[in-house]
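Values quoted throughout were computed directly from the atomic coordinates according to the rules given, and no laboratory measurement underlies them. Only a predicted model underlies this, so the values are computations on that prediction, with no experimental measurement involved. Neighbour counts are summed over all protein chains in view; Cβ atoms, including those assigned to glycine, are modelled from backbone coordinates with ideal geometry.
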Amino acid sequence: MTRTFTFFLLRKTGMGALLLLGMSVWCQQEWAVAQTATIDSLKKEIKILVLNNKQSQAAKAYEQLGGLYHQLYGYNKYTMDSYFNSLKYYSLLGDSVGYYNEHIVIGDYYTHDYFMQVYAEKYLIKARQFFERTHNMPKVIECRLGLANIAQKRDPIPGNLVKELRETERMSAFYKQAFSQAYALNLLANTYSRFKKPDSAQYFATRSLVIARRLNVSWLIGLNYFYLGIVEQFRDHSIAAIEAYQKSYKLAESEKNVAMLRELSKHSADSYSRMGDYEQAYKWSLKTLDFANQFYESEQTKSIRLQELDSQIKTLAVEKQLAEEQSQSQRFLNSMLVGILIISIVGVAALVFLRRQQKLIARQQAVIAQQQIRQLELKSLRAMIEGQEGERSRIARDLHDGLGIQLSRIKLFVEAHQEQLPLSVKEPLNQFLDEACTETRLIASNLRPYALSTFGLIPAVEDLVQKLNLVNQTKLILEHYGEVPALGDEASVMIYRVVQELLNNALKHADAHKVTVQIMASDETTLISVDDDGRGGDFENTVPKGNGIANIKSRISYLGGQVMWQSEAEKGTSVMISLPMLNY
C-alpha cells in the first residue's frame, strides 16, 4: 500500500511531493527526539532538586514533566506519574494552593477516559471546596468548568447545566479569564448541540472560536470546529460538516488526542454515509474502531486506571506520615502542659463542676422548650386540619342543599315541559343536567364522604376505589386483612384523606396500569400500603412541587405514625404507612 501511494504521488505531483512527504516525516522524528532530550534533561534536574530537598521546585518541575509527556505520547501513565509526584511534594511542602491546583490538573486529565470520570469529579470537587473557602475565583471557575465538562457527557444531561455554564461564562468575563470564557462558550455549544438546537450551538461555538484563535489554543480551536461540523451535519450540509471535521482532525492529530480523533472519525463516517460515499464512510468507520481500540484497550489507559488506585495508597501513606509527625509534636506539647494542668487541677475541677451544672440546667430548659414547641405545633396542626375538614363539610352541605337542590328543580321543570322543547334541545339539555348533578354529587362526596361518616373507614375506602375505577383507565384494587379497631372521627378522616391523596398522586403522575391498596389491621397497629407499577421517582432527593406529600407527612406525624416511600425508575412506587392504634 505504501509503494502504491508513493507511485501515485510521483505520477500526480512529481518528485516535489515525495520530498515534501519525506521532510514532514523527518521533522516529526526530529521533534520527537528533541522532546525526549528535554524530558531526560528535566528528569536529571528533578533528581538534583529532590536530593537538595527543594520540594517547591521539584513539585513544579514534575508538573512541567507531565506536560511534556502528554505532548509526546498523548493520554499516558507517565504524565499521571509526574502529576502525582507533583501532588506529593506540594503536600510535603504544605503548599495548599499548589496541592489543590494539582487536583484540578489531575481531575481535568482523568476526563479523557469515561471510566475515570468518577475519580475526576472527586478531585475537582475537593479543589473547588478549597478555592471557594479561600475566595480564589479564577480557580473556582476552573473547577466549575471541569465539573461541567463531566456533566455534559452524561445521559440525560442535567437540567441546570445550561444555567450553570452561562453563570460560569459571566464569571469568567467579570474576572477577565479569557480562556475560561472561551471554554465555557465551547461547553455551551456542545450542550445545545445535544439538545438539538443548532442555531444556539453555532452561536456559542463561533464566539468560543474567536477567543480561542486570539489565545492560540489549538485543542480548543479544534473542538469548536468539531461542534460547528455537528451543526452543519444537523442541517444536512454534509460537505460543510466534513470540511469542519477535517480542520478539527488535523489539530487533534497534532495534539495526539486519541479520544477526539475517535469522535471525529465516527462523525466523518456518518457524513460520508449520508452523502452516499460508502467507500469513504467505511474507511472512516475503520479509523473509528482503530482509535477506540487504541484508547480503551491500550496499556497506557489500563495503567492509568491502576495508577489511580496506587496514587490513593500513596496519598494515604503521605497523610499517615504527616499525622505521625504532628502526633509527635503534639505529644511534646502535651508533656509540657501536664505540669501546668496538675497545678491548676483543683480550680479546673471546680469550673468543670459549675459548667456541668449550667449545661444540665440549659439542657433541661431546652427539653422543656422543645416539648412546648411540639405541643404548639400539634395544636396548630390540629386546628388547621379541623378547619380544613370543617370547611369541606360546609362546602359539601352547601353543594348538596343548595346547588344540588337547584339542579334537581331545574331537571324536574325540564321534564315537566319536555313536550314544549324541540328534540334537538331536549336531549342535550337532559344530558347536561344529568352530568351537572353527577358532578355535584361527586364533588360533595369527595369533600365529605357519606360512606365514611356512616359506615366507617374500610367501606369508605372501598367506595372511593369503586368511584375512581369508574372514571379512570388505571385499575385500582383494594385488599384488607383483619378488623380495623374503632376509630375516632378525626383519625378516620385523616387516614381516609391520606389514602385519597396517595391514589390521586398515583393516577395523576405515575402513568401506572395498576394501583393496589392494602390495609392490614390489628389491635395495636394498622399498616397501609399503596403500590403502583408506574414510572417511579426519586422521592428522597426531589423537591416536591405541591403540598400533597407534605400534607401526608404532617397528618401521619400527627397520628404518631410513620410513612416511608420506596421507588425505582420504571419499576413503580410503594408507600408504606404504619399507625399505632392505642391512641385512637
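So here's what we get for this one:
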quantity	calculated
Per DSSP, loop trypsin sites (Lys or Arg not before Pro) in the stretch 551-584 with at most 14 further Cβ within 10 Å	K571
Full-extension gain in nm, Q57 to E462, via 0.36 nm per residue minus C-alpha separation	137.9 nm
For the stretch 454-580: rounded, prolate or oblate by the Cα gyration tensor [a/c cutoff 1.5]	oblate
Trypsin sites (Lys or Arg not before Pro) lying in DSSP loop within the stretch 238-297, provided at most 16 other Cβ fall within 10 Å	K256
The stretch 454-580, relative contact order [Cα under 8 Å, separation at least 6], %	24 percent
Exceeding the 19 Å Cα-Cα cut-off - candidates K43/K256; K47/K88; K77/K250; K197/K247; K196/K256; K122/K266	K43/K256; K77/K250; K197/K247; K196/K256; K122/K266
Cα centroid separation, the stretch 120-166 to the stretch 170-207 (Å)	15 Å
Inter-centroid distance (Cα atoms) of the stretch 260-280 relative to the stretch 218-254, Å	12 Å
